[in-house]
Structure formats: C-alpha cells, structure tokens
1. Hey, got the dipole for the chain? About the Cα centre, +1 on K and R Cβ, -1 on D and E Cβ, debye to the nearest 20?
2. Which semi-axes, in whole Å and largest first, does the equivalent ellipsoid of the chain have when worked out from the alpha carbon gyration tensor as the square roots of 5 times its eigenvalues?
3. Using packing as a proxy for protection, rank 73-83, 292-302 so that the peptide with the highest average count of other Cβ atoms within 10 Å comes first.
4. List nothing, just return the count: lysine pairs in the range 135-281, 8 or more apart or interchain, with Cα separation under 18 Å.
5. For GLY311, what is the net charge nearby, where nearby means another residue's Cβ is under 11 Å from its Cβ and Lys, Arg count +1, Asp, Glu -1?
6. Over the chain, what is the relative contact order in percent, taking alpha-carbon pairs closer than 8 angstrom and at least six residues apart?
7. Per the 1.4 Å probe, what fraction of the accessible area of the range 44-171, in percent, lies on carbon and sulfur atoms?
8. From the Cα gyration tensor of the range 1-148, with a ≥ b ≥ c the square roots of its eigenvalues, which class applies: rounded if a/c is under 1.5, or else prolate if a/b is larger than b/c, or else oblate?
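The values are calculated or read from the model by the stated rules, or taken from the named source; none is laboratory data. Just so you know, these numbers come straight off a predicted model, no measurement behind them. FYI the Cβ positions are ideal-geometry reconstructions off the backbone, even for glycines, and counts take in every protein chain you see. Accessible surface is based on the protein model in full, side chains and every heavy atom, while ligands, DNA and RNA are left aside. Shrake-Rupley method; radii C 1.70, N 1.55, O 1.52, S 1.80 Å.
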Amino acid sequence: MRFSLPKALGYFVGGRWTAWGGRKRIEAKQLRNLRRLVEKARRDSPLFRRLYADVPPSNEIQLRDLPVTRKPDLMREFDDWLTIRSLPLDRAREHLRDIRKAGVPIDDVAVFQTSGTSGEPAVIVLSDSFVEYAYGIMLARFERFHWKLTRDVRKLGVRVTITGGNGHFAGNGFNKLVQRLSPGLAKGFGVTFIEAEQPIDRLVERLNEISNIAWIVTYPSMLAILVKEKEAGRLQIAPALFSTGGETLTDDLREQVRRAFPSLKYGILDPYGSTECLALSFECSHGRKHVNEDWVILEAVDEAMQPVPDGTLSATVLLTVLANEVQPFIRYDLGDCVRFYEDTCPCGSPFRSFQVEGRQATLVRVGEVTLSPLVFDLEHDHAQRVQLVQTAEREFEVRIQVADEAAAGPVFQEIIKSVKRVFRDNGLDDVAVRESGKLPEFTASGKFHEVVPLRSADAGSRTSSVSRQPATE
C-alpha cells in the first residue's frame, strides 16, 4: 500500500475544478462517479452482482434505481461484498484482534472497525486511493479562512487527538496509517495521541504535562468531560481550537465550551463523517456542514426510504461513497438524522449544506415513544461521570463515578428523580430506574455515551413513532 502525492494533488485539482463549475458540474461529476462505481461493483463484487441483477445498465443508472443496503446484511456476506477476493472476513478479524497492527495495511488495503454502538461492529476496508482522496479533497475545500487557521494554530503549538486506543478505530488507526505511508505528511500535521479510556485524573494530568496544546481533536462526549475539569480548575490547558466528530455536538455544549475555554480563538470545528467515509463533508467559515457531493451522496429519507424535502428532518440518511471501489457503500443506511438547509450558504459554496440533528444509534425507545438522549439532564456537581443504561424495554440503571469522595446515595437519588420526571413528562409512568454498582463505561472506540439504549435484535428496527419533548415545568 502506497500514498501517491501526485494522485492526492489530482483529487485536489479535480475538486477545485468541480466546485468552480457550480451545481451543473458537481451533479455531472457525481453521476459519472456513481455509474463508474456501480459498474465496478457489479463486475467484481458477487454480492452486488446479485443485488443489481434486475437494475438498468450501469451507463443508464440513476440513484433511485438502486436498492438500500444495511450493515448487518453486508457484514453477513462480507466475503462476497468486497471487489477483491484476497481479504476474507476471517483474515480481516484476525488482523483486527492484534492492537499492535493498528494502522498497518494488509497487502494493498487498510482495515479499520466501527465502534459497534448500533450493534455489530463493521469492518471497513480502504485502498490507498481513498487515503489520497481524503487528503486531496480536504485541501480542495479549504477557504482562505481554513489556510490561515491551520497556519496560525501550528505556530501556537501541538495538536492532540483524544480517542479510543484499544482497537483499530479510525481516530487512532488512520493517523498511524498516514505516518506509515507518508511520514513527511504526518509530521506536518504534528499529532500527539492520548487514549480516552484512561481515568479522568490521569487524562487531565497527561494534558497538563503538554505545555503548548493549541488544537484538540476528540468526541463531544469527551469535550463535555474536559469542560467539567476546566471549570473545576484541574485542567490547565488553553487551546485555540477544538475539532469534534463521531457524535452530535449540541448548541448547549458548544456554549459551555466557549465559556470554559476563553482561549478558543478559532472556536470549535465540527465536520460530519464516519468510519465508512472519513471525508464525507467539510465545515465552512460560516459553520455549516457541506457534503463533498462530487465524491459522496447523502440522501435524507423518511421511514419508507423516500426522500424528504429540504428543511425536513430525516428518519435516517443513506450514504454512497463514490471514492471507495474496494468496499462499495451504495445507498447505505447510516442511521443518522439530518436536515438539509433550504437556502444557499452565505459562504458561497455550491455544495449543499445540512445539519445533523441526532444519531439513531443513541435514541431511546420505550414502547411507542422514542426519546432523544438530550432530554435527560445527567449533570451533577458531585459526579465526574453519569451514565443511564437501558437494560430492558422499561428498565434502566444509573451508573455514577462520584467526585471528591462525595456520598453516592444522595447523588443517585437526585439523578434518578430527574430521569423519572423525564419519563413521566413523556407519558411513561411504568419505567423502572435503579442505581447500579457498576462504573460508567466507554465504548470500544473511546466514546462516552451518557445514555446507552437497549441493544437487542430489534434495536435497529425503524419505528414510525415521533419523539415527544418533555413538558416544561
């Protein structure tokens, strides 16, 4: 596996040229790339050959002609899914079991895994051409604002990434892959990696030991922990920039971060992506997320997988990755809820912009009621971490890591009372909420979810119920 700088520059030049041509050129490029990918999948993937047996010829294909695909179905037929025959699932999983091989390619491809928060972890396979695409297209979308930001932040100090270190996840593994493929490029980005899973006290100590942290890349859930430590006076760092991903960044958390870190000259960048497509979107100087539409298709759809109008919140979103020919993701149900803007972005970009309202993997379902994790107030002055875990459809447990040797009993009582009030406000009077002796846990990829929904055979099924917001007291 090799990284070709000229090929990465080719994606950069092509990306700029497509953007300069406006919507007409973007849509034409997207359609050409879609038909090319469908032809490749049809020819070299036994699974897609079967899926597309009855669809029109590849040179006539339209997106609506293609069936929706989902992770469980694709993973069951992994060996037939890829367009290469040299990487059976058993070999990929054997590689993933060895943490020392994080970022180490297998032959001509790199292998990562998702955290599995919505069920079985997916095994993600990327070729060197996708790595070249990711860097080339990222630079192609830079505005003068981004170039100045990057230059200034590098002068201020180092970049720190806080993510999961106990698996082959993209946050850690992709950095290691780039260090292996292109040491010079990796050095230019100057990344220091810190494991998210370690105790908070140790994590804070490690951050305080780095005197010139200018930029931190992490999950919103970890950002919430850093805010709490900064407010308590234990965290001494003064970064100029945060970048987040992998979870939904709420407006409330964004405001809390700004208050806790007055040093944030450049605020918080929050591009949207996934392990399935690391360069899915970019965030412009006006803070909007834009789809890289020449190489990515993002469809906002309802429960029946039909498109919803711009301005309408989707039930889920379908992802098509036009830059990955080794492992085709075509109309792939990503499970997130998005809303496309109806107006043109003030930044002037011709690429469509959107908001991410939430991720289906974190929604809590009790009977016919679906609740966002954001309706639960799990903050407490005497708790470092609080976690609400759904153990059965109408049963929940609260896990707490207390702070400063506070008495756990009153903390549990207050949080359980708050959680029960949310359920009552949503018409759920028969839900049991109990305290647990277990400590809060991170996901395998190092994310901390305050609310952990039930994981069952039916957990990923779609429902037509609408979330009801709690009544205002």
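1. 1860 debye
2. Those come to 35, 28, 22 Å.
3. Result, highest mean Cβ count within 10 Å first: 292-302, 73-83.
4. Lysine pairs meeting the criterion: 5.
5. Spelling it out: positives minus negatives among the neighbours equals -2.
6. 15 percent
7. The value for the range 44-171 is 50 percent carbon and sulfur by accessible area.
8. oblate
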